[in-house]
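Undergrad: One structure follows; several queries about it will come next.
The values are calculated or read from the model by the stated rules, or taken from the named source; none is laboratory data. None of these values were measured; they are calculated from a predicted model. For neighbour counting, all protein chains shown are included, and Cβ atoms are generated from backbone atoms with ideal geometry for every residue, glycine included.
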Amino acid sequence: MDATACWLLTDEEGRTLLGRSCAFCWDRGVTFSARGHAISGYASGTLHLPYLLDPMYERYGPKARVWLSEVVAPQYCGSNRVASAMWTAVAELKRPAWVGAPQDARVRLRLALLASADAHPDPEIRGRLRTLRLDDLQDAAEHIERVCSDSREGGMVPLALAQTAMAVQAAARHESGDRWPVDVPARRYPIHAWYAAMAAACACIDLSGFAEMAAEQESGARALAEVSAAGAF
């Protein structure tokens, strides 16, 4: 059977969890066929994206492990999400260095900014989102509030932009320690990580290139070349 190369995230024990009583333990060369279940993962040219979207989907946390896998008869759910009843783990790759590091929040926010910019109809707003600096999150939160206000005057605040603003503002509160009740961490991630992932997903575009750009801009990391050299994509 023909197979497609995809990414599979597991918890730190190498397991995928399906419901409360069903778990698969993965290792190199292991194949699972989940009768009655679909195992979900990611179709992307970069291994940054599974970690960036994990807060929205599996929620395994920064210690999640990533596996290059072969997927039979994949069913695509949007541009980068994929599900199938049959997966084979080909090789485990090292998680990106920014995950769980001081750059973590900035990489996640940068993806949200790039994705929401791409989805916005106003060229001037797009430029402001793409160039918003994240070295001072308090200033960034004020800046993106002005961007939202200006977008609203134009007749709309797209959902991706609204979620991005919430992500930046929550990250600023998290950094300062002045958090709102809604900022309570959501299963292994601070809430801004969830907002950032949601913002990116709401753009309804292929996020692979933007994930690579976000990681490179905010942490200097590149994974696409590594993956391409392996001949996976």
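Undergrad: Check Gly100 against each of (1) part of a loop (DSSP other than H, G, I, E, B); (2) over 19 Å from Glu218 (Cα atoms) and name the one condition it does not meet.
TA: Looking at each condition in turn, Gly100 falls short on (2).
Undergrad: Can you go through Ser44, Ser116, Ser79, Ser40 and tell me which one is assigned by TED's automatic domain parsing to the domain that holds Val157, among the polar types (S, T, N, Q) and either within 13 Å of the chain's Cα centre (by Cα) or within 30 Å of Leu129 (Cβ to Cβ) (or both)?
TA: The match here is Ser116.
Undergrad: If you don't mind, there's one more thing I want to ask. Which one of these does Arg146 not meet: (1) part of a helix (DSSP H, G or I); (2) under 22 Å from the mean Cα position of the chain (by Cα)?
TA: Here Arg146 meets the rest and fails (2).
Undergrad: Another question, if that's okay. Taking the range 36-65 on its own, how many of its residues are without any contact (Cβ under 8 Å) to a residue 60 or more places away in the chain and buried (at least 24 other Cβ atoms within 10 Å of the Cβ)?
TA: 4
Undergrad: For the range 116-143, name all the residues that are outside any helix (DSSP H, G or I) and farther than 20 Å from Gly209 by Cα.
TA: The answer is Asp122, Asp135, Asp136.
Undergrad: Right, here's the next one. Within the range 150-184, restricting attention to residues that are touching a Lys or Arg at 6+ places or on another chain (Cβ under 9 Å) and either among the acidic types (Asp, Glu) or not assigned by TED's automatic domain parsing to the domain that holds Ala201 (or both), which residue is surrounded by the most Cβ atoms within 10 Å (Cβ to Cβ)?
TA: Asp183
Okay, residues lined up against (1) more than 23 Å from Ile191 (Cα to Cα); (2) of a type in the set (Val, Ile, Thr); (3) touching a Cys at 6+ places or on another chain (Cβ under 7 Å):
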residue	(1), (2), (3)
Ala43	yes, no, yes
Leu49	no, no, no
Leu52	no, no, no
Tyr57	no, no, no
Gly61	no, no, no
Val66	no, yes, no
Asn80	no, no, no
Glu92	yes, no, no
Pro96	no, no, no
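Here's the yes/no breakdown for (1) at pLDDT below 90; (2) farther than 30 Å from Ile205 by Cβ; (3) in contact with a Phe, Trp or Tyr (Cβ under 7 Å, 6 or more places away or on another chain):
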position: Cys6; (1), (2), (3): no, no, yes
position: Glu13; (1), (2), (3): no, yes, no
position: Asp27; (1), (2), (3): no, yes, no
position: Ser33; (1), (2), (3): yes, yes, no
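Undergrad: In the range 189-212, which residues are among the β-branched types (Val, Ile, Thr) and outside any helix (DSSP H, G or I)?
TA: The answer is Ile205, and nothing else.
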